[in-house]
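Before any comments, here is the structure.
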Amino acid sequence: MNILLHYCGTRFLVPALLLILAGPFALAKDAPNPIPANSVVSRTLPNGATVLARSDPYAKMAIVDLWVRAGSVDGTPGAAHAVEHMLFKASSAKGNDGSDAVVESAGGVIHASTLPDATHFWSLCPPDKVATVASALVNLVQSTDFTDAGWEIERKVMREELERAKPELADQARAALLKNLLDEADSMPVAGTNAGLSALTPDSIRAFHKAHYGPDRMAMIVVGPVPVDSAVEACAKAMNALEQNAAAPESRADSLKARCVEATATDGKKTFTGLAFTLPDADQATLEVLCSVLRGRLNRDLSLVADSIRVQRLARRRPAVVILVQSPARSASAVRASVIETLRKDEPLAASGAVAITGRLKWSWWLDRESPTKQANALGTAFTLGAWKDACAWPDSLTSVTAARLNAVLRMVADIAPESSE
């Protein structure tokens, strides 16, 4: 019982127990499905903004999450992160009318994060406060009264953040992989550089906001124990207040070539060796299933356990598969050789194997949802990648990944010649 509680949590305990107790009868045609039906509702507003809402009756709180397709790959290094800081600074100057104060009075706290190709602002809140938080987040991203005094304070804070940032060894290896895989602009640190921060002014930060914070680049996402129709209406009302800017063209790759790059990071005691693949025309669901297949094969064939195999969202909406292997004893070249040998094995996946893997991933996705935050992040990431319509069907879309499709992608992986970084 303790194990079941730990894995499922209370929200899926009853369905899981019913399934166990019912045994084979639970598979009967008319048996209730313990996995909730997909419940995403989407709307595109006249100003180009997107609203996405998913009902989660098991959650206690709702999340309102405003995503903007503007990140560290756009503009001067550090500009996107500077906008995030300055929006809060300008909003807080409004006192009790500021977004922070409004959301706190509604029982929430606004958080924000700048990513390579997106920035998002979110807060958990009571379900009946969704409209209040949605309006506050829209007011926040419109707070562009940036002052010289305010920027001097925030620039100092951002420089302190740069000095404190000491990435873990695995993160260093992952960063090196992405730098080898991407161009220099795409691999720029999210927090920027000291030189970039020195070049920024309130006017240039405001210009970045004007160019990149148009409503057609924004999506407001709500997940929680709320009626989706009323949630969409509340968010649409807030997002309709956004005026269309003369936004700059979005940065995105015209084409994506199949590539494999290598990177290594070591501190003398342990080594992280990594490979990263870009695979053209592979959708998100196929890549997620591919990671599961590769994880099983690498852990089976290697004496080392793969530290991380996952889909990494790159800048300019490009996905890649990133593999990291930790090795305390073997050389990086030996590890790479072992990984590549496993990836190149001619080992087609049977149709039954594909069904088993996709079914397991689908179950895991539902059972792992500890809060609406993960669901909102998944939808926000999909919006950034331009694939939110597919994400609305997640995780049901996993079952559309066939063995034939997986085997084609596995052959593609096996045929890519790694580009040595040495």
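Any chance you could count how many residues in the range 349-371 are under 17 Å from Tyr58 (Cα atoms) and either modelled with pLDDT of 75 or more or not in a helix (DSSP H, G or I) (or both)?
4
Under the condition of being surrounded by fewer than 18 Cβ atoms within 10 Å (Cβ to Cβ) and within 21 Å of the chain's Cα centre (by Cα), which residue from the range 98-116 is farthest from Ala136 (Cα to Cα)?
Here the residue is Ser113.
Sort out which residues of the range 153-171 are under 20 Å from Gly98 (Cβ atoms) and either surrounded by fewer than 19 Cβ atoms within 10 Å (Cβ to Cβ) or not assigned by TED's automatic domain parsing to the domain that holds Tyr58 (or both), and write them in order of number.
Ile153, Val157, listed by residue number.
So, in the range 137-156, of the ones that are within 30 Å of Ala234 (Cβ to Cβ) and assigned to a helix (DSSP H, G or I), which residue ends up farthest from the chain's Cα centre (by Cα)?
Asn139
Counting just the residues of the range 242-273 that are more than 18 Å from Arg69 (Cα to Cα) and hydrophobic (A, V, I, L, M, F, W, C), which one comes out modelled with the lowest pLDDT?
Filtering the range 242-273 for residues that are more than 18 Å from Arg69 (Cα to Cα) and hydrophobic (A, V, I, L, M, F, W, C), the one modelled with the lowest pLDDT comes out as Leu256.
Each row is one residue, and each column tells you yes or no for (1) charged (D, E, K, R); (2) closer than 22 Å to Met61 by Cβ.
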| residue | (1), (2) |
| --- | --- |
| Asp74 | yes, no |
| Ala79 | no, no |
| Lys89 | yes, no |
| Asn96 | no, no |
| Glu104 | yes, yes |
| Ile110 | no, yes |
| Leu115 | no, no |
| Thr119 | no, no |
| Leu124 | no, yes |
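Please list, ordered by first then second residue, the pairs with beta carbon atoms under 6 Å, 6 or more apart or interchain, first in the range 372-385 and part of a helix (DSSP H, G or I), second of a type in the set (Gly, Ala, Ser).
Sorted first by the residue in the range 372-385, then by its partner, the pairs are Pro372/Ala59; Pro372/Gly224; Leu379/Ala391; Ala382/Ala391; Phe383/Ala219; Thr384/Ala118.
Give just the number: which of (1) touching a residue at least 24 places away in the same chain (Cβ under 8 Å); (2) in a helix (DSSP H, G or I) does Pro116 not satisfy?
(2)
Among the listed residues Ala387, Ala391, Ala408, identify the single one that is hydrophobic (A, V, I, L, M, F, W, C) and at pLDDT 70 or above.
Exactly one residue qualifies, and that residue is Ala408.
Tell me, please, whether a residue that is out of contact with any strand residue (DSSP E or B) (no Cβ under 9 Å at 6 or more places or on another chain), assigned by TED's automatic domain parsing to the domain that holds Gly353, at pLDDT below 80 and part of a loop (DSSP other than H, G, I, E, B) can be found in the range 287-303.
Checked the range 287-303: at least one residue is out of contact with any strand residue (DSSP E or B) (no Cβ under 9 Å at 6 or more places or on another chain), assigned by TED's automatic domain parsing to the domain that holds Gly353, at pLDDT below 80 and part of a loop (DSSP other than H, G, I, E, B).
The values are calculated or read from the model by the stated rules, or taken from the named source; none is laboratory data. Because the structure is a prediction, the values reported are computed rather than measured. Every residue, glycine as well, gets a Cβ built from its backbone with ideal geometry; the counts of neighbours run over all protein chains shown.
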